[in-house]
1. Give the residue, chosen from T235, T219, T202, that is in contact (Cβ under 8 Å) with a residue 60 or more places away in the chain, of a type in the set (S, T, Y) and closer than 30 Å to K69 by Cβ.
2. From the list V55, V79, which one is hydrophobic (A, V, I, L, M, F, W, C), within 18 Å of F28 (Cα to Cα), surrounded by fewer than 22 Cβ atoms within 10 Å (Cβ to Cβ) and in contact (Cβ under 8 Å) with a residue 12 or more places away in the chain?
3. Quick check on F86: is it surrounded by 22 or more Cβ atoms within 10 Å (Cβ to Cβ), under 30 Å from G175 (Cα atoms), among the aromatic types (F, W, Y) and in contact (Cβ under 8 Å) with a residue 60 or more places away in the chain?
4. Suppose the filter is charged (D, E, K, R) and in a strand (DSSP E or B); does E95 pass it?
5. Quick one: which of F108, F86 is modelled with pLDDT under 95, within 28 Å of S255 (Cβ to Cβ) and either in a strand (DSSP E or B) or of a type in the set (A, V, I, L, M, F, W, C) (or both)?
6. State all residues of segment 220-239 that are crowded, with 20+ Cβ neighbours inside 10 Å, out of contact with any Cys (no Cβ under 9 Å at 6 or more places or on another chain) and part of a strand (DSSP E or B); if no residue qualifies, say none.
7. Give the residues of segment 268-296 that are under 14 Å from E107 (Cα atoms) and crowded, with 18+ Cβ neighbours inside 10 Å, sorted by residue number.
8. Which members of segment 195-218 meet the condition of being among the polar types (S, T, N, Q), at pLDDT 95 or above and in a loop (DSSP other than H, G, I, E, B)?
Amino acid sequence: MRKFLFSLLIMFAISASAQTTVNIVWPFSIAGADTAMIRQIIDNANSKQSKYVFVYENRPGAGGTIAAKVVHDSKTLTVLSHSSSFYIRPNLYQESHNVKDFTLIGEFCSKQPMAVFSKKYSNANDFAGKNISIGINPGGITQLVSMAIQKNKNINLLEIAYKGTPEASSDMVFGHTDASVDFLGPTSLSRMPSDIKIVGITGERNIPGYATFKSQNVTGLESIELTDYFFVKSTVDPDIKRELSAILSSSDLDSVKKICHDNFGVSEKFNYDFAEKAHQANIARWESVTKGITRQ
């Protein structure tokens, strides 16, 4: 009996030691809906297989470039979870990661609109002819929203840099800034008192109760919607890329989709066979969207 128990212990020890720990690195606020989706995907992935142990890691800064560098320089298998800002940042700042150093292996919530919140102003027309201070995250999609708004005549925004959208919106709520760019969904809305207004949202979808910037004749924000992704560095073995993609994509279950839909996002099935084509299309798309916007 003792030999049998000892053998079981050895088997469990070998099984545990054979598992590969994979950090999933996220570059933005730990308080956002995106983080909730990532954590849920990690829980689902860990419960359905035993080859890998996925661990959440937060590495904020530089519009996501710090997290990208951590993954790129890692000597162990590591996944980068990022948003559309992954493609945007290199078009705005010279000191950024190279998107071509990474392979796209997953997508878990697309077409999320961004919103501009304000305590002082009710709509985009109220911005005209005024100097408006607005909280953004440098190099990310929130800054792109601000820069796109400023391309419209007679609108001048003074960008104030913050680590994340919760910090930017908090200062707006307390009157330290005039506006902030944040997500449209229960996580963000729960932080907003009743006197906070939504000036406008990006995209072209008609979402009841929220006016798009386009409907207010503020143009250039029709294509600015956020999608969340998974990447690995391009040197990872092709078979491992496909395996990780299959695990993470099949872990995008109803619990994750609910959070996505609550944030007015769209859940679409990811097909790894078309991942590289999608990756190149994303690169081209965001180069086009940011064209004509001053690079820092």
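1. So the residue among T235, T219, T202 that is in contact (Cβ under 8 Å) with a residue 60 or more places away in the chain, of a type in the set (S, T, Y) and closer than 30 Å to K69 by Cβ is T202.
2. On the way: V79 fails: surrounded by fewer than 22 Cβ atoms within 10 Å (Cβ to Cβ).
Only one candidate qualifies: V55.
3. Working: surrounded by 22 or more Cβ atoms within 10 Å (Cβ to Cβ): yes; under 30 Å from G175 (Cα atoms): no; among the aromatic types (F, W, Y): yes; in contact (Cβ under 8 Å) with a residue 60 or more places away in the chain: yes.
When the stated conditions are applied, F86 does not pass them.
4. no
5. On the way: F86 fails: modelled with pLDDT under 95.
Going through F108, F86 in turn, just one is modelled with pLDDT under 95, within 28 Å of S255 (Cβ to Cβ) and either in a strand (DSSP E or B) or of a type in the set (A, V, I, L, M, F, W, C) (or both): F108.
6. Step one: filter segment 220-239 for residues crowded, with 20+ Cβ neighbours inside 10 Å, giving 220-221, 224-232.
From what's left, out of contact with any Cys (no Cβ under 9 Å at 6 or more places or on another chain): 220-221, 224-225, 229-232.
Listed by number, the residues that qualify are E225, Y229, F230, F231, V232.
7. F270, Y272, A275, H279, N282
8. The first filter runs over segment 195-218 and keeps only residues among the polar types (S, T, N, Q), leaving 202, 206, 212, 215-217.
Narrowing further to those that are at pLDDT 95 or above: 202, 212, 215-217.
Selection gives T202, N217.
The values are calculated or read from the model by the stated rules, or taken from the named source; none is laboratory data. All values reported here derive from a predicted model rather than from experimental measurement. Here the Cβ is made from the backbone with ideal geometry for all residues, glycine too, and neighbour counts use every protein chain on show.
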